[in-house]
Amino acid sequence: MKRLGPGLIMALVAGFAFLYLPILALIAYSFNASRLVTVWGGFSTHWYGALMANEPLLDAAWLSIRLAFVSATAATVLGTLAALALARHGAFRGRTLFSGMVLAPLVMPEVITGLSLLLLFVSAQVERGFWTVTIAHATFSLGFACIVVQSRLAGFDRSLEEAARDLGATPVITFWTVTLPLIWPAVAAAWMLAFTLSLDDLVIASFTTGPGATTLPMRLYSAVRLGVSPEINAACTIMIGAVALVVIAASLLLKRDQLAGA
Amino acid sequence: MKTGNGPAHRRGHLVVAVPYLWLLLFFLAPFAIVLRMAFSDAATDLPPYAPHFQGFSQLGEFIAALDLENFRLLGDDALYWQSYLYSLRIAALTTLIALAIGYPLAYAMASVPRRWQGMLLVLVILPFWTSFLIRVYAWIGILRPEGLLDIVLTGMGVTSEPLRLLNTEAAVLIGMVYSYLPFMVLPLFATLQKLDRSLLEAAADLGAPALTAFATVTLPLSIPGILAGSALVFIPAVGEFVIPDLLGGPDTVMIGKVLWSEFFSNRDWPLASAVAVVLLFVLVAPLALLQRARLARGGVA
């Protein structure tokens with residue numbers, strides 16, 4: 001298309017303003033010296049200092065990061081296997097059920113996923129805490145990881161794999177020496193997305209956690225219920241910054257991958 | 001592809017088996033337990049809520065012990081079916097508003113030069129990856145009395161007193177549309193981007209005005225994207241908890257919140273399970289629609 005009409009430019013500007021103004025306002029007020037949101041008391045990093053002294057919040061953040069690390073790794077391994085199964089193993093028995101189970105958690109209301117996993121853990125009489133939340137997060141982010149890897153596998157030159165097999169490489173060696181090096185940017189992006197999903201989740205973690213395992217979103221949720229405070233704005237700003245870095249890194253990886261693959 | 005034999009072949013099966021077993025154990029089995037739990041009686045049982053399934057020889061006794069009380073309550077108590085209807089209404093309104101905002105946005109994104117499209121795409125996805133909680137919190141600051149919106153509107157002289165939008169249905173809708181907009185824009189953009197522009201040129205060459213060309217060519221061809229986007233917004237919106245809880249008020253009771261409070265406040269696990277089972281049945285039709293839209297677009301959601 002050659003030229004953008006004024007209507008389309010308006011749609012772009014209005015759409016992105018709607019998406020970004022609330023976040024920008026939130027970030028701006030984290031630097032407000034005044035406690036009142038109605039008053040601009042000048043620029044200050046006071047609330048970031050207060051945040052650094054908030055032990056429960058820092059503990060929760062550290063727990064969330066460890067949890068996201070483990071669950072993202074599990075989700076990426078499982079999601080990559082699932083993507084390989086769907087892309088390479090053709091019509092195996094139960095394929096429809098399998099692809100349904102991979103993709104359903106993407107849209108399933110979180111309250112249902114959370115409740116059902118909790119009931120599983122209670123029935124199995126597992127002690128709830130770090131590991132139950134990790135399993136829950138790995139399960140629901142597996143589908144996201146699978147989609148990212150699957151889209152890379154779809155645009156992949158299979159003759160390379162076939163050449164390796166013809167030269168006598170076993171499927172496992174073919175995977176490690178040919179397939180994985182070619183899809184790794186997608187695998188890395190899948191890991192980052194699973195990581196941020198886990199870091200953000202409130203509902204599923206609330207259901208599947210136990211005493212002593214309070215995640216960052218759970219702490220923030222109880223703080224938000226009490227009202228608006230610049231300290232929460234500061235915490236949110238740090239989280240937004242971290243997520244933005246990860247997403248930009250992931251999209252650069254995928255872009256380089258697409259350029260290399262094209 | 002060559003089919004291996006011996007250990008290599010068995011390892012090939014592992015690729016399917018490992019994620020398959022994981023999902024059977026942590027996705028499908030939990031639903032079976034929810035279903036079972038929904039037929040238990042909270043008053044007489046304690047977790048894990050007997051009776052357990054003892055095998056097919058005792059199938060008769062097992063069925064006889066099932067308790068329909070929870071579902072009867074869901075039908076009788078107006079709170080429950082009204083909150084289902086209310087959730088459907090809010091989800092439908094959210095979907096329509098998101099479509100009205102998302103379609104022009106996706107259309108404009110698909111129309112800019114290709115080298116910009118990647119960056120715009122990242123810009124749409126970025127807010128999606130920041131937590132729900134943060135996005136909802138941002139709107140609390142804007143909508144609350146004497147919040148940002150009030151400051152701006154009174155400053156411009158549009159209103160003289162606070163709008164009191166927080167804890168209303170309007171606030172819930174704003175929060176929902178805001179949170180789910182990327183789900184609508186992404187599939188729409190994917191469809192519109194792939195659209196064959198030469199069809200539009202052909203329509204123009206044959207004398208169709210731009211609006212006619214849009215209505216007869218672009219719109220019908222983007223229906224798969226509209227369906228996929230609508231399903232991606234509608235399905236999670238029906239069961240949404242965080243947004244109605246933080247932005248809504250006493251009269252915006254959505255079913256996700258009912259489930260949450262049955263579980264966490266009333267500690268009635270069987271009733272919470274029954275709420276979840278009915279919610280799943282409500283979502284079967286839109287889920288089937290999503291699956292069809294995905295198949296029509298070649299597999300990847």
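Starting with the fewest neighbours, write out B:Glu201, B:Glu169, B:Glu262 ranked by other beta-carbon atoms found within 10 Å of each beta-carbon.
Neighbour counts put them in this order, fewest first: B:Glu201, B:Glu169, B:Glu262.
Only Cα pairs under 8 Å and at least 6 apart count here; give the relative contact order of chain A as a rounded whole percent.
Numbers: 278 pairs, mean separation 78.5, N = 262.
Answer for chain A is 30 percent.
Relative to the first principal axis of the alpha-carbon coordinates of chain A, what is the inclination of helix A:180-200, with its axis defined by its Cα atoms, in degrees from 0 to 90 and to the nearest 10?
30
Mind listing the phi-derived Karplus ³J(HN,Hα) values for segment B:258-270, rounded to whole Hz, using 6.51, -1.76 and 1.60 with θ = phi - 60°, and x for any glycine or proline?
Karplus values, whole Hz, x for Gly and Pro: 4, 4, 4, 6, 4, 7, 8, 8, 8, 6, 9, 5, x.
Please check chain A for the longest run free of trypsin sites (Lys or Arg not before Pro) that are loop-located per DSSP (anything but H, G, I, E, B) and have at most 12 other Cβ atoms within 10 Å.
In short, A:94-262.
For chain A, take the longest principal axis of its alpha carbons; what is the angle in degrees between that and the long axis of helix A:6-30, to the nearest 10 within 0 to 90?
Taking the Cα atoms of chain A, the angle to A:6-30 is about 60 degrees.
Please arrange A:His46, A:His89 by counting, for each residue, the other beta carbons lying within 10 Å of its beta carbon, fewest first. List each step's numbers first, then the result.
Working: A:His46 18, A:His89 15.
Ascending number of Cβ neighbours within 10 Å: A:His89, A:His46.
May I ask for the angle, rounded to the nearest 10°, between helix A:230-261 and the longest principal axis of chain A, with both axes built from Cα atoms and the value confined to 0 to 90°?
Between helix and principal axis, roughly 20 degrees.
Taking amide H positions as placed in the peptide plane 1.01 Å from N, state which residues far from B:Leu163 in sequence (5 or more) or on other chains have amide H under 5 Å from it.
B:Glu146
Put +1 on the Cβ of each Lys and Arg and -1 on the Cβ of each Asp and Glu in the protein assembly as shown; which of B:Met37, A:Ile238, B:Leu126 then has its Cα farthest toward the positive end of the dipole?
Checked the options; the winner is B:Leu126.
When the helix-only estimate is applied to the protein assembly as shown (DSSP H runs of n ≥ 4, each -39,500 (n - 2.57), divided by the residue count), what is the mean residue ellipticity at 222 nm, nearest 500 deg cm²/dmol?
Computed ellipticity for the protein assembly as shown at 222 nm equals -24000 deg cm²/dmol.
Using a/c under 1.5 as the rounded threshold, could you call segment B:77-296 rounded, prolate or oblate? The axes a ≥ b ≥ c are square roots of the C-alpha gyration tensor eigenvalues, and prolate needs a/b larger than b/c, oblate otherwise. Don't skip to the answer; put the middle values down first.
Details: a/c = 2.38, a/b = 1.42, b/c = 1.67.
Judged from the Cα gyration tensor, segment B:77-296 comes out oblate (a/c at least 1.5, b/c at or above a/b).
Give me P(r) over the protein assembly as shown, computed from all C-alpha to C-alpha distances, binned every 20 Å, as integer percentages.
Each 20 Å bin holds this share of Cα pairs: 19, 52, 26, 2, 0.
Among rounded, prolate and oblate, which fits segment A:18-93 when a ≥ b ≥ c are the square roots of the eigenvalues of its C-alpha gyration tensor, a/c under 1.5 means rounded, and a/b larger than b/c means prolate?
Since a/c reaches 1.5 but b/c is at least a/b, the shape of segment A:18-93 is classed as oblate.
Can you find, among B:Leu173, A:Pro109, A:Ala190, the residue sitting farthest towards the positive end of the charge dipole of the protein assembly as shown, where Lys and Arg contribute +1 and Asp and Glu -1 at Cβ?
The one lying farthest along the dipole's positive direction is A:Ala190.
Find which of B:Ser83, B:Tyr103, B:Ser198 sits farthest along the positive direction of the dipole of segment B:77-296, computed with +1 on the beta-carbon of Lys and Arg, -1 on that of Asp and Glu, about the Cα centre.
The Cα lying farthest towards the positive end belongs to B:Ser198.
Dipole size in debye (nearest 20) for segment A:54-261 around its Cα centre, Lys and Arg Cβ +1, Asp and Glu Cβ -1?
360
By the gyration tensor of its Cα atoms, with a ≥ b ≥ c the square roots of the eigenvalues, what is the shape of chain A: rounded for a/c under 1.5, prolate for a/b over b/c, or oblate?
oblate
Any read-out appearing in this document is the output of simple, stated calculations on the displayed coordinates, not a laboratory observation. None of the values given here were measured: they were computed from a predicted structure. Virtual Cβ from ideal backbone geometry, glycine too; neighbours counted across all protein chains shown.
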